[in-house]
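Here the structure is laid out as structure tokens; the discussion comes afterwards.
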Amino acid sequence: MKKMLSVDDLARDERFERIRIEDLIFDPRTTDRKGAGGFQPKDPDAPDGARQLMHGIFVGEIQALEGAGRTCYDFEVGTAKEEVPFELKLDMARQCWDEARHCEISIKLGEHMGTYIGEYAEQVLLFEAACNADPVLRLTGVNRALEGLAIDVFNTMREYGSGTDDPVLYFCEDWMLADEVTHVKMGSDWLRRITANDPERQKQALDFQRTVDKLFSFGGFRGEDDDSPIHLARQFRNLAGFTDDEIKDLVDVAAEAMAEAQAMAEMAKANIENS
């Protein structure tokens, strides 16, 4: 079997349509978040937004399963830079089990919420992060950045389920949230263990994580402002191994992403008006 797959190697059937992350973030129709206020039950657009987010969760779980599985297979056991401890492979195998269960839950939740596989497009940044040839960068990009985002998303969806008196949504999101905290904690622990004697490699990994976090802040979609639909789940991130300084940096990254996206949206609107 081939090692180190690329995004182009992903197998998808005719239900799936792929979209670039840049097109999603900088679409002038979606970057104006002013007044979004999150998935508030009183917001008439909240059900549509929640369904779209649920579909995004589903495709993210597929890619998380694929990424963890590739980590089990791509790297040999050892101490060299391109190798990993056997225990790390065991953790990734356990994560595959979790992600497979999340895929099944997410499909059923999508049906419960009135959406279906393929109603929305799939962007594949998560699997792109899982293609990194350095296992430490792969861990930080996937387990700390993207699984960290999953903590924020599942917590937001759990609160939405509570606010709309939907016990099915609440229970399922609460269940998956517990798994995501474990996945992020594994990434945090392995990052520090593998780079304990290599501060430069740890810095490179954290810089890569910051890049991924900035992309997945979706131009202010994830942050701590009232206008951000997805809010940082500070308590759960602490449980997952994030320090207070790291959480503060995430807030700063989200603010940077929002400012850049708003500038890009204004440019796009100006180009449309002048064309």
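Every read-out reported here was derived from the displayed coordinates using simple, explicitly stated rules and does not represent laboratory data. Worth saying up front: this structure is predicted, and the values here are computed from it rather than measured. Reconstructed Cβ throughout: ideal geometry from the backbone, glycine too, with neighbour counts over all protein chains shown.
Roughly speaking, what is the stretch gain from L90 to A133, that is 0.36 nm per residue apart minus the C-alpha to C-alpha distance, in nm to one decimal?
On the way: separation 43, 0.36 × 43 = 15.48 nm, distance 1.89 nm.
Fully extending the segment from L90 to A133 adds 13.6 nm.
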statement: Exposed-loop cut sites defined as GluC sites (Glu not before Pro) in DSSP loop states with at most 12 other Cβ within 10 angstrom; longest site-free run of the chain spans 83-275
statement: In order over the stretch 73-84: 3J(HN,Hα) from phi, Karplus 6.51/-1.76/1.60, θ = phi - 60°, whole Hz, x for each Gly or Pro, gives 9, 5, 10, 7, 7, x, 10, 6, 4, 8, 10, 9
field: Relative contact order %, the chain, counting alpha carbon pairs below 8 Å whose residues are six or more apart
entry: 24 percent
message: Give me, ordered by chain and number, the residues 5 or more places off T164 or on other chains with an amide H under 5 Å from its own placed amide H.
response: none
task: Using the Karplus curve 6.51 cos²θ - 1.76 cosθ + 1.60 with θ = phi - 60°, work out ³J(HN,Hα) for each residue of the stretch 59-66 in order, rounded to whole Hz, and write x for Gly and Pro.
output: 5, x, 5, 4, 5, 5, 4, 5
- prompt: Around V84, which amide H atoms from residues at least 5 apart in sequence, or from another chain, sit under 5 Å from its own amide H, with H modelled in the peptide plane?
  reply: E76, V77, G78
task: With runs of 4+ DSSP H residues as the only contributors, calculate the mean residue ellipticity of the chain at 222 nm using -39,500 (n - 2.57) per run, divided by the residue total and rounded to the nearest 500.
output: -21000 deg cm²/dmol
task: Work out, step by step, the length gained on full extension between I272 and Q235: first 0.36 nm times the residue separation, then minus their alpha carbon distance; give nm to one decimal.
output: 9.1 nm
- prompt: Rounded to the nearest 0.05, what FRET efficiency is calculated for Y73 and D45 with R0 set to 30 Å and r the Cβ-Cβ distance?
  reply: 0.10
task: For the chain, find the longest principal axis of its Cα atoms and tell me its angle to the long axis of helix 147-163, 0 to 90°, nearest 10.
output: 40 degrees
task: Work out the FRET efficiency for K81 and T243 from their Cβ-Cβ distance, taking R0 = 25 Å, and round it to the nearest 0.05.
output: 0.50
Rounded to whole Hz, the Karplus (6.51, -1.76, 1.60) HN-Hα couplings of the stretch 92-98, x for glycine and proline: 5, 5, 4, 5, 4, 4, 4
- prompt: Taking the Cα centre of the chain as the origin, how large is its charge dipole in debye, to the nearest 20, when only Lys and Arg (+1) and Asp and Glu (-1) carry charge on their Cβ atoms?
  reply: 480 debye
query: Residues with amide H under 5 Å of E122's amide H, sequence separation 5 or more or different chain, H placed in the peptide plane at 1.01 Å from N; which?
result: E17, R18, I19
query: Expressed as a rounded percentage, what relative contact order does the stretch 70-160 have, with Cα pairs under 8 Å and six or more residues apart?
result: 23 percent
